[in-house]
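See structure below.
The values are calculated or read from the model by the stated rules, or taken from the named source; none is laboratory data. Note that the structure is predicted; figures quoted are calculated from it, not measured. Ideal geometry is used to build each Cβ from the backbone, glycine not excepted, and the neighbour counts take in all protein chains shown.
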Amino acid sequence: MREMLIETNLIKVTKAQGGKCWKFVSPGTAGVPDRICLFPGGRVVFVETKATGKKARPLQEKRHNELRALGFTVLVIDSKEQIHEISAT
């Protein structure tokens, strides 16, 4: 499945849960996750979307690990089914 379709479904599911799913762009810092999902109760999940079977690049993994070291949840999803993991985190 194409990355754009996974990202579109992520937005839809996040909104259905009462949250916001904003595009994350950080000028001057490459490799940040694609989306910040904000949920009621102050829960924040950073999400990297990938086409089915694709993996995060090394710089993306580095950024993900930096965010995880700060205590944030970072998920890499490459299927519509994985989107529902966000509600379980």
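Taking the criterion of being assigned to a strand (DSSP E or B), of a type outside the set (Val, Ile, Thr) and within 12 Å of the chain's Cα centre (by Cα), the residues of segment 21-40 that qualify are 21, 22, 23, 35, 37, 38.
Would segment 57-77 turn up any residue that is buried (at least 16 other Cβ atoms within 10 Å of the Cβ) and within 14 Å of residue 11 (Cα to Cα)? The answer is yes, given that some residue of segment 57-77 is buried (at least 16 other Cβ atoms within 10 Å of the Cβ) and within 14 Å of residue 11 (Cα to Cα). Could you tell me whether residue 44 is in a strand (DSSP E or B), in contact (Cβ under 8 Å) with a residue 24 or more places away in the chain and farther than 20 Å from residue 3 by Cα? So residue 44 fits the description; yes. Here residue 55 qualifies as at pLDDT 95 or above and in a loop (DSSP other than H, G, I, E, B). For residue 89, the criteria (1) over 22 Å from residue 1 (Cα atoms); (2) at pLDDT 95 or above hold in every case but one, which is (2).
Touching a helix residue (DSSP H, G or I) at 6+ places or on another chain (Cβ under 6 Å), basic (Lys, Arg) and in contact (Cβ under 8 Å) with a residue 40 or more places away in the chain: does that describe residue 54? Here the answer is no, as residue 54 does not meet what is asked. Look through segment 1-20, keep the residues that are touching a strand residue (DSSP E or B) at 6+ places or on another chain (Cβ under 8 Å) and part of a helix (DSSP H, G or I), and return whichever of them is farthest from residue 65 (Cα to Cα). Step by step, filter segment 1-20, then rank; the result is 15.
Of the residues making up segment 63-85, those that are part of a helix (DSSP H, G or I) and at pLDDT below 95 are 81, 82, 83, 84, 85.
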